[in-house]
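Undergrad: One structure coming up, written as structure tokens, with questions to follow.
The values are calculated or read from the model by the stated rules, or taken from the named source; none is laboratory data. This is a predicted model, so every value here is computed, not measured. Calculation scope for accessible area: heavy atoms of the full protein, side chains included, ligands and nucleic acids excluded. Shrake-Rupley method; radii C 1.70, N 1.55, O 1.52, S 1.80 Å.
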Amino acid sequence: MAQPKCPECQCQGIDHIVSKAANETAKNGTPWFYVVHCDQCGYVYNIISKHTFSANQSPLVMPDLRR
């Protein structure tokens with residue numbers, strides 16, 4: 001199987017793809033996002049954000065159709 005290669009520094013291997021949690025956190029302490037990057041040169045592959053749900057309820061009320 002082929003090993004991934006960093007497009008910036010050309011180092012090979014899945015061991016060089018790491019993630020780091022953001023300093024910004026939610027009230028419960030979980031990070032808002034993670035940065036996936038090369039541990040050799042810092043090339044950023046992706047940013048994975050946390051799923052968020054609004055605390056506010058929608059004002060939309062569905063009718064009861066069971067009549």
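Undergrad: Search region 13-31 for residues being part of a loop (DSSP other than H, G, I, E, B) and of a type outside the set (S, T, N, Q), and hand back the single one that is most open to solvent (accessible area, probe 1.4 Å).
TA: Applying the filter and picking the extreme gives LYS27.
Undergrad: I'm checking my understanding of the structure. Among residues of region 1-12 that are under 19 Å from ILE47 (Cα atoms) and assigned to a loop (DSSP other than H, G, I, E, B), which one is most open to solvent (accessible area, probe 1.4 Å)?
TA: GLU8
Undergrad: Now for a different question. Which members of region 32-56 meet the condition of being modelled with pLDDT of 85 or more and assigned to a loop (DSSP other than H, G, I, E, B)?
TA: Correct list: TRP32, ASP39, GLN40, CYS41, GLY42, TYR43.
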